[in-house]
Amino acid sequence: MRKSLTSFVLLFAWLCAAPALARPQYPIKPADYRKTINARIEAIWGKIEHKLDFNKVTPDRKRAIRRVFDDAASEVWAEVSKASADGNITRDEALKVRALTSELRGKVKNKLAAEKKASKTARKAATKTLDKAAKTPDKAAKAPDKAARPHPEADKTAGAKSSLRRRPSPRGKVQPATIAPRPA
């Protein structure tokens with residue numbers, strides 16, 4: 001009985017003390033906090049780099065993504081510098097930094113997506129102007145003379161209708177032309 005009661009008391013004390021030991025005690029020294037934040041940021045970059053390696057991204061593209069990541073991380077470091085100006089990091093200051101750190105991957109992702117969209121629209125506009133220039137080299141060569149072209153109704157005989165008609169499908173799509181009997 002005595003052993004079980006003692007073990008129960010020790011277990012209860014350990015369970016109560018474990019969360020308190022796991023949490024940082026505020027205020028924190030700025031040097032210790034910088035180590036913690038550096039570890040967090042490097043862990044985030046490690047995850048991104050692992051995905052880049054898995055998807056076989058080129059080293060040039062990795063460097064470009066790292067620059068974007070460092071730009072986003074500079075906001076976190078600025079907030080850490082601001083928080084450590086008084087010599088201690090309070091819980092409220094740490095929560096602000098933690099929020100910025102948790103948004104880091106999302107900021108990188110959004111910035112890369114915006115760059116990709118901008119380059120895609122620029123490519124699309126460039127190909128559109130090139131295609132347009134290739135299709136219409138000169139208006140004079142395209143339409144020589146309106147008088148030389150026959151009227152669209154001129155080749156039709158009086159009262160005759162075309163034998164090819166398009167009929168709608170039951171699903172609403174237009175089916176290919178079929179030969180329909182000529183009306184009498």
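Only the coordinates and a few stated rules stand behind these numbers; no lab work does. Keep in mind the model is a prediction, meaning the values are calculated, not measured. Every residue, glycine as well, gets a Cβ built from its backbone with ideal geometry; the counts of neighbours run over all protein chains shown.
What the table below lists for this structure:
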{"quantity": "Efficiency of FRET from Cβ geometry, LYS51 and THR127, R₀ 25 Å, rounded to 0.05", "calculated": "0.25"}
{"quantity": "Percent of Cα-Cα distances greater than 24 Å, calculated over segment 19-110", "calculated": "28"}
{"quantity": "Label-point separation in nm, ASP92 to ASP71, each point 7 Å along Cα→Cβ", "calculated": "3.2"}
{"quantity": "Calculated FRET value between GLU115 and LYS82, using beta carbons and R₀ = 35 Å, to 0.05", "calculated": "0.75"}
{"quantity": "Fully extended contour minus Cα-Cα distance, from SER102 to ALA43, at 0.36 nm per residue", "calculated": "20.1 nm"}
